[in-house]
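Structure record follows, encoded as C-alpha cells.
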Amino acid sequence: MKHTLSVLVENKPGVLTRVAGLFARRGFNIESLAVGLSEDPRLSRITIVIDGDEHPVDQVTKQLHKLINVLKIRDLDPENQVSAELLLVRVAGEGEKRTEVLQIAEIFNAKIVDVDRRQLTLRVVGTNEKLEALLELLQPLGVLEVVRTGTIALGRGRGG
Amino acid sequence: MTDKKMKGSHALVAALEHEGVEVMFGFPGGVAIPFYDALYDAKNLRHVLVRHEQGAAHAADGYARATGKVGVCGSTSGPGATNLVTGIATAYLDSSPLVAITWQVRSDLIGTDAFQEADITGITLPIVKHSYLVKSTEELPRIVHEAFHIASTGRPGPVVIDIPVDVALGEVAYRDCDTIDLPGYKPTSRGHVKQIRAAAKAINEAQRPVLYLGGGVVTSDAAAEVLRLAELRRLPVTTTLMGIGGFPETHELSMGMLGMHGTVAANYAVHECDLLIAVGARFDDRVTGKLKAFAPHARFIHIDVDPAEIGKNVVPLIPIVGQARQVIGAVCKELEAMEWSREQTQPWLARIAERKDEYPLHYERPKDGKLAPQFVVKEIDRVTGHDAVVCTDVGQHQMWATQYYTYTFPRQFISSGGLGTMGFGLPASIGASIGRPDKTVIDISGDGGFQMTMQELATAVNYDVPVVVAVLNNGYLGMVRQWQDLFWNKRYSFTCVEVQPDFKALAEAFGAVGMRVTEEDEVEPALRDAIASGRPAVIDFRTSPEENVFPMVPAGSEITEMIGGTSRKKGRKP
Ligand SMILES: Cc1ncc(C[n+]2csc(CCOP(=O)(O)OP(=O)(O)O)c2C)c(N)n1
Ligand SMILES: [Mg+2]
C-alpha cells in the first residue's frame, strides 16, 4: 500500500539532503517527494510517498524522526486526506488527434498552456490516480514529455 | 557573564571550555591556524597533537568511552577532515559521544574546489548524528552548545562542526551559551509506566529468563540498576561485545558474551529461554546469527533509548523506549512489590550452571611451542587483577580479549564493535589513559591492526601516556585467515603478513619500551615490567600462527550451531 508521509522540517540549508540521504542509505525507495514552505516561514513541509509493502513504514518514520531537523511526521490516512499533484504534459496534436486531445483535456479539466501546429502542452491538477488516468488516455496519441511535481497532501479536518 | 568582544577562534576555545572540555585531540593545518593561535593561550583546554587525524578521532572516542564525557577531536580542512572519517564512522556505529571540529576553507570559496576543500558535512552525512556548517561567528557559541547536547543525550553519537576560517577571524560578542534551539530533538528518557509494569510482570512470571545486555547499558551508566535487577529475580546475564563490563563477569549469574564467538552457556540459554530481556542491545547479526531461529521459544522485552531500534530486527512483545538506567530502576521497583519464589527459576539456573561447568571456554597448548594467545590474555587478566582498562583492535586477538579477560566494571572494555575498525586500539587506549590516569590501560592488538596506527606511539611518548600495547603477533591477518581456514579450503590469500617490522626495535625507535616474548614464563614478568615502567610500552608476543577462535558460529547459522565449544570432559557437543 502507498503511504503519504507529511514531514515538517526546519527550513535550513541541507535539510532536504539529510532526508533524501537517509532514504538512500537505508535503501528506502521514494515514489515522490515534494517540498516547500509551510504556514511558518521557519518550517518546510515535505510530502513523501512511499510503497509501504516494500519497506516497513514504521522504520522509515522512526529513522526520519532521528534527524535533528525533523519536527513532526504524519502518516496520512488515505481515507482522510486531501492530496493533489500538478502535471505538465506535451502531446502530439495534429489534425484529428488535436480534437481528441482537446476533448480529453476538457474531461480532465486540464488547461492548454502552450500550443503550436504540431503539439499541445496541458496543465492539470489532480490526485495521483487522476493524472495516471489522463496519461493513459493520452499515451496512444503520442506523449512527448511529462513533468510532475509529486503529490502534496494534508490531513482532512483540523489536521493535527 | 557579560558579553566580551572576541574573535571566533577565541570564542570557540571559550565555548569548549564552557562545555567542560579538558582535552582535545587534533592536528593543525592552514585554515586551522587561527584556532591554534587561540589554543596557544588556552588555560583549561589541553590539546594533544596526534600523528594522524584518524588517531585524533579514535583517541577522542576512547576518551569518551572510558569517561562517559564527550570526546573532542579536530582537524584542518580537506585531507585533515577526510582522515577523521573512519573515526567518526567508528563512533557512530558504537553510539559514542564525539564532537569533531573540522576547519573549512573561507565561506566565499566553498563550492569552488578551493585548495584543501572537501565537503566534509556531505561526506559524513550518513555517519553522524548531526552536523553543522557554521555560517557566522555569531552562531558559533550556540552551535557548540547544541553539538555537545546532541552528542551526549538520547542515543549518543558523533556531531561534526565544520567551520570556515573566516568564522574564526570574525568577531562576536561572546557569552557562554546555555540555551538550545532544537525543536525537533526531544529524546525520550523515561519509559512508559504501563510498559514497565508489563515488563515486570513478564519477568516475574518467567521460568527461563535471560538478560541480554548491549552497549546501551554502559553508555547510560545503568550497570548498578542492571545488577539489582539480575539479583532480584536471579536472571542469568549475557552481554554483547559492546555490553561487556555492563555486568561483572565474576558474578555467578554471568554467562559471558553471546553470539558468533559467545560461550556455549550463553548461546544455549538464549536458544532455550522463554523470556529474553534486551537492554540497550540491537539484535545485531553477529549476535543473532540466523535471525529467524534466534531465541525461538522466547517472548521479547526490548528496552532501548532509540525508538528506531525497536522493531527493526525483531518485534518485541513489550517494547520500552527510554534510558536503560531509568527503565531498569523502575522495573526493579515494580518487582520489589511482587511475590516471587526462588524455586521458579531454580531448574533453569541449575541447567545453566551445569553448562557453564561442562562447556567452559578452553584451549589447548599449541604444539609448535609458541605462545597460546589465550594464555597471554589470561596472564594480562591475572597480572592486572581484572582491573585494567582494556582496548583492542579488530580480529582474533579482539575475540580472545573478550573471552579470556575477566571484566568487572563498565567502561573497562573499549573496542570497535559496530564498524570493526582495525587501527582503533592504540589511539583509543591513549584517549582512555588520558581520561582514566588512575587505571592501567592495556591495548590488546594484532600485528596487522597495530601497523595501521602505530605512529601514535609517538603521541604516547610525547605526552607520557603509559599505555601497554600487547601485540598478539601471529604473523597473520588472523581473523580473515581463520575464515579462509574454515570456509575457503585454507587458501591463505594475502593474509600472511610476510614482512613485519621488529616491533621491539620499532617501539624503542619511538622512545617507548620495547620487548619481545616467546616463552610462557616470560609473559608475566614482561607485563609487570612494562606496567611498572610507567612509560608507553610495546610487547611483541609471538603467538601460535594458526590458532583459531572457538567457539564459532558461522555467519548466518543458528547460534547453537557452533564450531568448537565441545565439552572439556568428553569432547561431546551440548
Ligand atoms: C580497517 C580494516 N581493514 C580490514 C578489516 C578486515 N579485517 C578484520 S580482522 C582482520 C585481521 C586483523 O589482523 P590482526 O590485526 O593481525 O589481528 P588477528 O586477527 O591476527 O588477531 C582484517 C583484515 C578491518 N576489520 N578493518
Ligand atoms: Mg595477526
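Answer with yes or no whether residue A:52 is away from chain B (no Cβ under 12 Å) and either open to solvent by 10 Å² or more (accessible area, probe 1.4 Å) or at pLDDT below 90 (or both).
Yes; evaluated as a whole, the condition is true for this residue.
A quick yes/no check of all residues on (1) under 21 Å from residue A:1 (Cβ atoms); (2) open to solvent by less than 20 Å² (accessible area, probe 1.4 Å); (3) of a type outside the set (D, E, K, R):
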residue: A:124; (1), (2), (3): no, yes, yes
residue: A:128; (1), (2), (3): yes, no, yes
residue: A:134; (1), (2), (3): no, yes, yes
residue: A:137; (1), (2), (3): no, no, yes
residue: A:140; (1), (2), (3): no, no, yes
residue: A:143; (1), (2), (3): no, no, yes
residue: A:146; (1), (2), (3): no, no, yes
residue: A:149; (1), (2), (3): no, no, yes
residue: A:154; (1), (2), (3): yes, no, yes
Members of the range B:469-483 found to be among the aromatic types (Phe, Trp, Tyr) and either within 8 Å of ligand 2 (Cβ to nearest atom) or open to solvent by less than 10 Å² (accessible area, probe 1.4 Å) (or both), listed by number: B:476
Selection from the range A:85-109 of residues assigned to a strand (DSSP E or B), modelled with pLDDT of 95 or more and open to solvent by less than 60 Å² (accessible area, probe 1.4 Å) yields A:85, A:87, A:89, A:91
Kindly list the number of the only condition in (1) more than 17 Å from residue A:142 (Cα to Cα); (2) without any contact (Cβ under 8 Å) to a residue 12 or more places away in the chain; (3) of a type in the set (A, V, I, L, M) that fails for residue A:73. (2)
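Can you say whether residue B:532 is open to solvent by less than 40 Å² (accessible area, probe 1.4 Å) and modelled with pLDDT of 95 or more, as far as the supplied structure shows?
Details: open to solvent by less than 40 Å² (accessible area, probe 1.4 Å): no; modelled with pLDDT of 95 or more: yes.
So residue B:532 does not fit the description; no.
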Count, please, the residues in the range B:413-449 that happen to be surrounded by fewer than 24 Cβ atoms within 10 Å (Cβ to Cβ) and within 11 Å of ligand 1 (Cβ to nearest atom). 3
Report, ordered by the first and then the second residue, all pairs with beta carbons closer than 7 Å, sequence separation of six or more or different chains, a first member in the range B:365-382 that is of a type in the set (S, T, N, Q), and a second member that is within 16 Å of ligand 1 (Cβ to nearest atom). B:374/B:363; B:374/B:400; B:374/B:404
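With B:383, B:327 as the choices, which residue is outside the structural domain of residue B:235 (by TED's automatic domain parsing) and either open to solvent by 70 Å² or more (accessible area, probe 1.4 Å) or aliphatic (A, V, I, L, M) (or both)? Show your work before the answer.
Values: B:327 fails: outside the structural domain of residue B:235 (by TED's automatic domain parsing).
Going through B:383, B:327 in turn, just one is outside the structural domain of residue B:235 (by TED's automatic domain parsing) and either open to solvent by 70 Å² or more (accessible area, probe 1.4 Å) or aliphatic (A, V, I, L, M) (or both): B:383.
What residue, of B:378, B:333, is away from ligand 2 (no atom under 16 Å from the Cβ), part of a helix (DSSP H, G or I) and in the same structural domain as residue B:434 (by TED's automatic domain parsing)? I'd like the intermediate steps shown before the answer.
Numbers: B:333 fails: in the same structural domain as residue B:434 (by TED's automatic domain parsing).
So the residue among B:378, B:333 that is away from ligand 2 (no atom under 16 Å from the Cβ), part of a helix (DSSP H, G or I) and in the same structural domain as residue B:434 (by TED's automatic domain parsing) is B:378.
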Having 2 or more residues that are in contact with a Leu (Cβ under 7 Å, 6 or more places away or on another chain), small (Gly, Ala, Ser) and within 19 Å of residue B:319 (Cβ to Cβ) is the bar; report the helices (runs of 4 or more DSSP H) wholly within the range B:165-224 that clear it. B:193-205
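Residue B:370 - would you say it is at pLDDT 95 or above, in contact with a strand residue (DSSP E or B) (Cβ under 7 Å, 6 or more places away or on another chain) and open to solvent by 70 Å² or more (accessible area, probe 1.4 Å)? It would help to see each step written out before you state the result.
Working: at pLDDT 95 or above: yes; in contact with a strand residue (DSSP E or B) (Cβ under 7 Å, 6 or more places away or on another chain): yes; open to solvent by 70 Å² or more (accessible area, probe 1.4 Å): yes.
Answer is yes for this residue.
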Within the range B:135-145, identify whether any single residue is touching a Phe, Trp or Tyr at 6+ places or on another chain (Cβ under 9 Å), without any contact (Cβ under 8 Å) to a residue 40 or more places away in the chain and either aliphatic (A, V, I, L, M) or not assigned by TED's automatic domain parsing to the domain that holds residue B:412 (or both), and answer yes or no. yes
Listed by first then second residue, the pairs whose first member lies in the range B:472-498 and is more than 14 Å from chain A (Cβ to nearest Cβ), whose partner is near ligand 2 (Cβ under 8 Å from one of its atoms) and at pLDDT below 95, with beta carbons under 8 Å and at least 6 positions apart or on separate chains, are B:475/B:497; B:476/B:497; B:477/B:497
Open to solvent by 10 Å² or more (accessible area, probe 1.4 Å), part of a loop (DSSP other than H, G, I, E, B) and either within 14 Å of ligand 2 (Cβ to nearest atom) or within 15 Å of residue B:380 (Cβ to Cβ) (or both) - does that describe any residue in the range B:502-522? no
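For the structure I just gave you, tell me whether residue B:513 is among the β-branched types (Val, Ile, Thr) and more than 16 Å from ligand 1 (Cβ to nearest atom). Outline the logic, then answer.
Details: among the β-branched types (Val, Ile, Thr): yes; more than 16 Å from ligand 1 (Cβ to nearest atom): yes.
Judged against the criteria, residue B:513 is a match.
Hey, among A:67, A:71, which residue is within 14 Å of chain B (Cβ to nearest Cβ), touching a helix residue (DSSP H, G or I) at 6+ places or on another chain (Cβ under 9 Å) and farther than 30 Å from residue A:105 by Cβ?
Numbers: A:71 fails: touching a helix residue (DSSP H, G or I) at 6+ places or on another chain (Cβ under 9 Å).
On inspection, the qualifying residue turns out to be A:67.
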Give me the pairs, please: first residue somewhere in the range B:444-460 and of a type in the set (Asp, Glu), second residue anywhere and away from ligand 1 (no atom under 11 Å from the Cβ), beta-carbon distance under 7 Å, and either six or more positions apart or on two chains. B:456/B:50; B:456/B:51; B:456/B:55; B:456/B:426; B:456/B:427; B:456/B:430
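Considering the range A:21-40 alone, what residues qualify as being within 14 Å of chain B (Cβ to nearest Cβ) and open to solvent by 40 Å² or more (accessible area, probe 1.4 Å)? Working first, answer last.
Quick first cut of the range A:21-40, residues within 14 Å of chain B (Cβ to nearest Cβ) only: A:21-28, A:38, A:40.
Across the range A:21-40, the qualifying residues are A:24, A:25, A:26, A:27.
Kindly establish whether residue A:80 is modelled with pLDDT under 95 and buried (at least 17 other Cβ atoms within 10 Å of the Cβ).
Details: modelled with pLDDT under 95: yes; buried (at least 17 other Cβ atoms within 10 Å of the Cβ): no.
The answer is no for residue A:80.
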Only residues that are acidic (Asp, Glu), within 17 Å of residue A:77 (Cα to Cα) and either free of Cβ contacts under 8 Å to residues at least 12 places away in the same chain or not in a loop (DSSP other than H, G, I, E, B) (or both): list them for the range A:4-55, please. A:51
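Only residues that are part of a loop (DSSP other than H, G, I, E, B) and in contact with a helix residue (DSSP H, G or I) (Cβ under 6 Å, 6 or more places away or on another chain): list them for the range B:523-546, please.
Narrowing the range B:523-546 to residues part of a loop (DSSP other than H, G, I, E, B): B:534-536, B:544-546.
B:536, the sole residue that qualifies.
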Which residues, counting only those in the range B:124-147, are away from chain A (no Cβ under 11 Å), in a helix (DSSP H, G or I) and out of contact with any strand residue (DSSP E or B) (no Cβ under 6 Å at 6 or more places or on another chain)? B:139, B:140, B:141, B:142, B:144, B:145
Strands (runs of 3 or more DSSP E) completely within the range B:12-91 that count 2 or more residues being within 22 Å of residue B:109 (Cα to Cα): B:71-75
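The values are calculated or read from the model by the stated rules, or taken from the named source; none is laboratory data. Remember, it's a predicted structure, so these values are computed and weren't measured experimentally. Counting neighbours? That spans all protein chains shown, and the Cβs are built from the backbone with ideal geometry, glycine included. The area values use the complete protein model at the heavy-atom level, side chains included, leaving out ligands, DNA and RNA. Shrake-Rupley method; radii C 1.70, N 1.55, O 1.52, S 1.80 Å.
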